[in-house]
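> Once you've had a glance at the structure underneath, I'll fire off some questions.
The values are calculated or read from the model by the stated rules, or taken from the named source; none is laboratory data. Because the structure is a prediction, the values reported are computed rather than measured. Cβ atoms come from the backbone with ideal geometry, glycine included; neighbour counts cover every protein chain shown. These area figures cover heavy atoms from the full protein model, side chains too; ligands, DNA and RNA do not enter into them. Shrake-Rupley method; radii C 1.70, N 1.55, O 1.52, S 1.80 Å.
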4 protein chains.
Amino acid sequence: MQTATTPRKTPRQTRSQATVESILEATARVLAQHGYAATNTNRITELACVSVGSLYQYFPNKLALIAALHERHVAQMAVVLLRDLSTGSRESITKRIRRLIAAVLAAHRLEPDLHWVLERNFVALEPAYDVSPADQLVHGIVRQILDEHRAELGVVDINLASYMVLRMLESLDHATVLEPTPHLATDKLEQAIGDAILGYLTRPARLE
Amino acid sequence: MQTATTPRKTPRQTRSQATVESILEATARVLAQHGYAATNTNRITELACVSVGSLYQYFPNKLALIAALHERHVAQMAVVLLRDLSTGSRESITKRIRRLIAAVLAAHRLEPDLHWVLERNFVALEPAYDVSPADQLVHGIVRQILDEHRAELGVVDINLASYMVLRMLESLDHATVLEPTPHLATDKLEQAIGDAILGYLTRPARLE
Amino acid sequence: MQTATTPRKTPRQTRSQATVESILEATARVLAQHGYAATNTNRITELACVSVGSLYQYFPNKLALIAALHERHVAQMAVVLLRDLSTGSRESITKRIRRLIAAVLAAHRLEPDLHWVLERNFVALEPAYDVSPADQLVHGIVRQILDEHRAELGVVDINLASYMVLRMLESLDHATVLEPTPHLATDKLEQAIGDAILGYLTRPARLE
Amino acid sequence: MQTATTPRKTPRQTRSQATVESILEATARVLAQHGYAATNTNRITELACVSVGSLYQYFPNKLALIAALHERHVAQMAVVLLRDLSTGSRESITKRIRRLIAAVLAAHRLEPDLHWVLERNFVALEPAYDVSPADQLVHGIVRQILDEHRAELGVVDINLASYMVLRMLESLDHATVLEPTPHLATDKLEQAIGDAILGYLTRPARLE
DNA sequence: GATGAATGAGGGTTCATTCAT
DNA sequence: TATGAATGAACCCTCATTCAT
């Protein structure tokens, strides 16, 4: 079953791997620098010092190329997340949340512009790509934290709570990394994101 | 000084007003249904039952057309916001925040898909359009609330706080309106958004 | 027999005459200022403060409009020529040639840019317009001069000679009026044109 | 620094060279046959039996294509001029002028119609193209002749004189080659052009 | 008579994709 | 396998001309 965005063939020789690598790298740079609309196969292959034909030897079409790039990108993010989140499962909830935020921020800082472009254009096109391995990883960790600290927190609906936390994480990270707001120091923002999430989770009473 | 996105001429007769209206309407529908990339002048004019020439009588180019649509859209959002936010400036902070959330949600529900597409594609292209009247309105109200309840809240940095509140508002509303999450009832989500913002604002102590 | 470039109807009322006049005037200005390619009916009617419909009430199409303008222009040139050439038929050949040159230059100076544009674009399109009344007038005068001074000149073939004189007149005048050559004073050029034509006509011996 | 009329890429393979050649050839024929206004990329590519895409692989836009054609054309003219003018620098002025006229006529006869169209439309659009290699060549030769025969001639102002000679050359050649005047034999015309120029240059006295 | 809204064929240009070499 | 020349559907936009009001 060969979907439209499946890579055409896997390169076996090292030379071919280098070609594919340089194509992906070029795609990433063009996307990040010039945006989705200005990203065309000519620009990519020129920057990659490769002929168009080569591109189509490994990718059936443009979308598949970008899908592959997306996959590679989220895989790289997942590496960072796994590295930063593999420990600390016995810490306080505050520590764990703060650690989570730091990890997600680090992952977003890998290639902010590329991430931005892919998120805005590609994922919107292909909703299936929304639930990437990295997303799932973060998702799982959030659920786990909420689960393990359920007693401690006033949270009733874990589904709702984790959804909220994920949304806040994502959007605040986006804002922090991708839109460098002048006059707002990054460390203060990171602190504030933690405050917001923890505030939501641990809010003692509803002062209606 | 005629910028590239200024409408070409204002329709005077009722007939031409109807034409412009139908063009804008068609543009909105095509954008919402098919997305930015698939929105071309042919599709628009076909749906509007109008010739290409008519489009270009009133808009100097495609971008100007979308700019006009954006302007119209945010104006409509502003109407809703003004209607829902004109009162209640003497209520408790909780009430005010909840009212604000409800208003912003209502505004986003006007044309969710169109809003989404414009936000993701058009505004990204033309950053000048980021600070729409509607945005400024909400921005002002948030600052005002924080200002007037400063004593009550533990907030120190008002810039930071209002930035955070705005981000949370925006992204959570987006999520709520644009991505109909199954298993999460809208009213509960709205409640949760309030909880999150109020939690952030009124969080009594930092439990580090 | 209604050819394609025949004016549609002659305006009888003074108001209509004013309209036609202002259309022609606007056409002349647009042609002279912006060139043939940038001359379109919209620009013309805007400058004329007249609706497109009005234009098409008096001219069946764009070509007819320009033909009419051309006709008007050469008529104006003819007026100047007639005024300056009506006397002096008994003077010396030198005087007559110099007078002719002065007259043709004066005629070209009426609307140099417009003349340039019409000559280069319109006449090439419609070769029939090449032999305008003004041309015929000059043509006749040249023949007459050559005829009357035949004995005096070494000229044998009057056809050839008048052809040559006309060509020299035309091109040198063009150059003088339309391409203001720096470092070459106009009066010296005018003198030189006379020298050239007279030199050709009166050249005593062939120094082969 | 890539100006708007610089060719896009130089064809390396023989196949692509043939393509470029056939495009230029087709452009020349369309221009010569149908004129500047009726020359569009569709017509060109159809006649060249080539797709539009191919045209735009080698020329960034229509103007660049025509610029390239112009360049090629004047280069071809320069070849003829160089061939015919490389000798004879020690002959009498009469011989030299006659030789010059014959050479310029030969160059103009290469592709009269194309030359005409390019001169009238393209060069007028892009004045930078006015001073082509061929022009400069002729210009230099005229100056040289006048300079070397200065004593012999009554010429005082060499600037003025060479300007006049060039104008006469150009316009008379134009007329001779491009407008086949019936009843005027070409050889007689060529003779007359020489008479005119020599007459101008050697005119003994001013018979005012 | 006058207006100007509406039309749509036509033109320039791009770019994903194919395929002969 | 790699190349890059060739393709052509599709897109944006212009402007001469018509016609209902």
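> What is the number of the single condition among (1) near DNA strand F (Cβ under 7 Å from one of its atoms); (2) of a type outside the set (Gly, Ala, Ser); (3) farther than 26 Å from residue A:40 by Cβ that residue B:62 does not meet?
(3)
> Contact list please: Cβ distance under 7 Å, first residue in segment B:155-179 and more than 20 Å from residue B:144 (Cα to Cα), second residue of a type in the set (S, T, N, Q), pairs at least six apart or on different chains.
Final answer for the pair search is B:171/A:171; B:176/B:186.
> Taking residue D:91, is it open to solvent by 50 Å² or more (accessible area, probe 1.4 Å), more than 19 Å from residue D:6 (Cα to Cα) and either near DNA strand E (Cβ under 8 Å from one of its atoms) or not polar (S, T, N, Q) (or both)?
Criteria met by residue D:91.
> Go over the candidates C:122, C:59 one by one and state the one that is open to solvent by less than 20 Å² (accessible area, probe 1.4 Å), modelled with pLDDT of 90 or more and within 16 Å of DNA strand E (Cβ to nearest atom).
C:59
> Of C:175, C:192, C:134, which residue is open to solvent by less than 20 Å² (accessible area, probe 1.4 Å), of a type in the set (A, V, I, L, M, F, W, C) and in contact with a Lys or Arg (Cβ under 6 Å, 6 or more places away or on another chain)?
C:175
> Looking at (1) out of contact with any helix residue (DSSP H, G or I) (no Cβ under 8 Å at 6 or more places or on another chain); (2) within 14 Å of another protein chain (Cβ to nearest Cβ), which is the only condition residue D:112 fails?
(1)
> With touching a residue at least 12 places away in the same chain (Cβ under 8 Å), over 30 Å from residue D:203 (Cα atoms) and more than 14 Å from chain C (Cβ to nearest Cβ) as the only criterion, which of D:103, D:107, D:78 stands out?
Result: D:78 is the single residue among D:103, D:107, D:78 that is touching a residue at least 12 places away in the same chain (Cβ under 8 Å), over 30 Å from residue D:203 (Cα atoms) and more than 14 Å from chain C (Cβ to nearest Cβ).
> Return the only residue of C:14, C:6 being β-branched (Val, Ile, Thr) and either within 11 Å of DNA strand F (Cβ to nearest atom) or open to solvent by less than 60 Å² (accessible area, probe 1.4 Å) (or both).
One residue alone meets the criteria, C:6.
> I'd like to check something: does segment D:96-106 contain any residue that is more than 16 Å from DNA strand E (Cβ to nearest atom), open to solvent by 50 Å² or more (accessible area, probe 1.4 Å) and in contact with a Ser or Thr (Cβ under 9 Å, 6 or more places away or on another chain)?
Looking for residues that are more than 16 Å from DNA strand E (Cβ to nearest atom), open to solvent by 50 Å² or more (accessible area, probe 1.4 Å) and in contact with a Ser or Thr (Cβ under 9 Å, 6 or more places away or on another chain), one finds at least one in segment D:96-106, hence yes.
> With segment A:115-208 as the region, which helices (runs of 4 or more DSSP H) entirely inside it contain at least 1 residues that are facing chain B (nearest Cβ under 7 Å)?
A:158-173, A:186-202
> If you don't mind, there's one more thing I want to ask. Can you tell me which condition residue D:29 does not meet? The list is (1) more than 14 Å from DNA strand F (Cβ to nearest atom); (2) within 14 Å of another protein chain (Cβ to nearest Cβ), and all the others hold.
Unmet condition: (2).
> Which of the residues that make up segment C:137-158 are open to solvent by 50 Å² or more (accessible area, probe 1.4 Å) and closer than 26 Å to residue D:166 by Cβ?
Once the filter is applied, which keeps residues that are open to solvent by 50 Å² or more (accessible area, probe 1.4 Å) and closer than 26 Å to residue D:166 by Cβ, segment C:137-158 yields C:139, C:154, C:157.
> Mind checking which residues of segment B:62-87 are away from DNA strand E (no atom under 16 Å from the Cβ) and open to solvent by 20 Å² or more (accessible area, probe 1.4 Å)?
Of everything in segment B:62-87, those that are away from DNA strand E (no atom under 16 Å from the Cβ) and open to solvent by 20 Å² or more (accessible area, probe 1.4 Å) turn out to be B:71, B:72, B:75, B:76, B:79, B:82, B:83, B:84, B:85, B:86, B:87.
> What is the residue count in segment C:32-56 for residues that are among the hydrophobic types (A, V, I, L, M, F, W, C), open to solvent by 50 Å² or more (accessible area, probe 1.4 Å) and near DNA strand F (Cβ under 8 Å from one of its atoms)?
2
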